[in-house]
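Participant: What follows is a single structure, and I will ask about it in a moment.
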Amino acid sequence: MRPSFHPRLVNDPFSDPGLFIPFLFEKRALMFDLGDLTLLSSKDLQKVSHVFVTHTHMDHFIGFDTLLRALLGRDKILHLFGPPGFFRQVEGKLAGYTWNLISEYENDLVLKVNEVHQDKLCTKEYISKDRFQPKKASSSRPFSGNLLEEPSFSVHGLLLDHRIPCLGFALTEKFYVNIIKEGLRELGLPVGAWLNRFKAAIYQEESPHSDFVVSWEEKGKATREERFVLGELAQKIARISPGQKIAYITDVAATPENSKKIIALAREANHLFIEAAFLDSEKDMALKKYHLTAREAGALAGKAGVKSLQLFHFSPRYKHRVGDLEREAKEAYERMLMGSDES
């Protein structure tokens, strides 16, 4: 069974952080962090609909300019989420350029920027035709961890401590609709855009007795249609399986409060992407710089019961010791999974 999301780190573990999460069979993607994005194609960048930024240190936010450039001149809404002070950082980026010609563009790029606070989510809108000058003050709503809620998945975030507020993220798929190819063949149905409509109907829990139209298309136009009962069609062409969970943690110290929050956020994740900046022999240095050691990363992953972990954000001092970082994390991870209380 193929998962809906195929997350991949944009860069090698010694380079800028950034997780690219494309959707299967859709021209859409999410991003966690915006480090150097030069390895992503324009086609990939144009898929991005939502960006979740842990904090705005340069190596996590310098790619904002690259993404903005790829989207200018397109009708698109880009949603961005960041920690307290995020409005100021985005506005600073936008203020660095001259926008006297942008009002002549036919299409409008809209930036919906969200600033995450402990108990509220504040939102401001920046539109290209207005030279990215906000027309309204920010609006706000209560926040209890949920950043994004869609029929098929949600994204949660929480504030961690990196001497500044730093966000951790978890994407949780509610369930996955697997399309049975044999079922399609038996019914003589084509693969096409209608499958996205079909999945959306399942995710939105539409009545199984409702009508559903399957369409054959050529060059974006329907050439033939056939009507089915949604529930009967689902029984023949769909298999429902548990969704996956993807967690992303970087730039935090292994303090008791941070550790408790990380374990809760990453609990039973299928994939945990977690920094491992130092070896445990330099634990004091890691704590001073508010980063995790490989051993701490592995222990947190084990305590959270994650199914797999991928390390990143290594200090350059370990260029020739990648194996040591991975070994240290793996040993701590396995020890915690076996129920040891050692840390």
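Participant: Using the Cα gyration tensor of the range 101-245, with a ≥ b ≥ c the square roots of its eigenvalues, what is the shape: rounded (a/c below 1.5), prolate (a/b larger than b/c) or oblate (neither)?
Facilitator: oblate
Participant: If I ignore ligands, DNA and RNA and count only protein heavy atoms, how much of T223 is accessible to a 1.4 Å probe, in Å² to the nearest 10?
Facilitator: Surface open to solvent at T223 totals about 90 Å².
Participant: Quick one: if you stick a label point 7 Å off each Cα along the C-beta vector at K43 and S140, how many nm between them?
Facilitator: 4.4 nm
Participant: So how strong a dipole does the chain carry about its Cα centre when Lys and Arg Cβ are +1 and Asp and Glu Cβ are -1, to the nearest 20 debye?
Facilitator: Taking the Cα centre of the chain as origin, the dipole is about 360 debye.
Participant: First check a/c for the range 1-76, with a ≥ b ≥ c the square roots of the eigenvalues of its C-alpha gyration tensor; if it is under 1.5, answer rounded, and if not, answer prolate when a/b is larger than b/c or oblate otherwise.
Facilitator: It is oblate, given that a/c is not under 1.5 and a/b is not larger than b/c.
Participant: Next question. Using only Cα atoms, locate the centre of the range 191-211 and the centre of the range 230-302, then give the distance between them in Å, rounded to an integer.
Facilitator: Spelled out, the Cα-based centre of one part sits 32 Å from the other.
Participant: I need the calculated FRET efficiency for the pair K112 and D65, taking r as the beta carbon distance and R₀ as 25 Å, to the nearest 0.05.
Facilitator: E(calc), rounded to 0.05, equals 0.85.
Participant: Taking a cut-off of 21 Å between Cα atoms, list the lysines near K221, but don't count ones fewer than 8 places away on the same chain.
Facilitator: Correct list for K221: K27, K199.
Participant: Moving on to the next point. Which whole-number percentage describes the relative contact order of the chain, with Cα contacts under 8 Å and a sequence gap of 6 or more?
Facilitator: After rounding, I find 12 percent.
Participant: Counting only heavy atoms of the protein chains, get the accessible area per residue of the chain (1.4 Å probe) and round it to a whole Å² value.
Facilitator: 50 Å²
Participant: Next question. Full extension from M338 to R321: what is 0.36 nm times the residue separation minus their Cα-Cα distance, to one decimal in nm?
Facilitator: Full extension from M338 to R321 adds 3.5 nm.
Participant: Let me ask another. Taking a quarter of the surface of the convex hull around the Cα atoms of the range 131-175, what do you get in nm²?
Facilitator: Over all viewing directions, the range 131-175 projects a mean Cα-hull area of 5.4 nm².
Participant: How high is the relative contact order of the range 150-236, given as a whole-number percent (alpha carbon pairs under 8 Å, six or more residues apart)?
Facilitator: Taking the mean separation of contacting Cα pairs over the length of the range 150-236, I get 22 percent.
Participant: Net charge around G73, counting only other residues with Cβ within less than 12 Å of its Cβ (Lys, Arg = +1; Asp, Glu = -1)?
Facilitator: Counting the neighbours of G73, the net charge comes to 0.
Participant: Something else now. Over the Cα atoms, compute the radius of gyration (one decimal) and Dmax (the largest Cα-Cα distance, rounded to a whole number) for the chain, in Å.
Facilitator: Considering the chain through its Cα atoms, Rg and Dmax are 22.1, 67 Å.
Participant: With the full set of protein chains in place, find how many percent of the accessible area of the range 196-343 is carbon and sulfur; take the probe as 1.4 Å.
Facilitator: 48 percent
Participant: Express in Å², to the nearest 10, the accessible area of H57 obtained by rolling a 1.4 Å probe over the protein heavy atoms while all chains stay in place.
Facilitator: Taking all protein chains as shown, H57 has close to 80 Å².
Participant: Give the ranking of E275, E226 by solvent-accessible surface, highest area first, calculated with a 1.4 Å probe.
Facilitator: E226, E275
Participant: Further, regarding this structure: Below 9 angstrom from the Cβ of G302, what's the summed charge of the other residues (Lys, Arg +1; Asp, Glu -1)?
Facilitator: So the environment of G302 carries a net charge of +1.
Participant: Turning to a different aspect of this structure: Take the Cα atoms of the range 76-152, find their three principal axes, and give me the spread along each one in whole Å, biggest first.
Facilitator: Dimensions of the range 76-152 along the principal axes of its Cα atoms: 41, 29, 18 Å.
The values are calculated or read from the model by the stated rules, or taken from the named source; none is laboratory data. If you're wondering where the values come from, they're calculated on a predicted model, not measured in any experiment. Glycine also receives a Cβ, built like all others from the backbone with ideal geometry; neighbour counts cover every protein chain displayed. The protein model used for the area step is the full one, side chains on, heavy atoms only, and it has no ligands, DNA or RNA in it. Shrake-Rupley method; radii C 1.70, N 1.55, O 1.52, S 1.80 Å.
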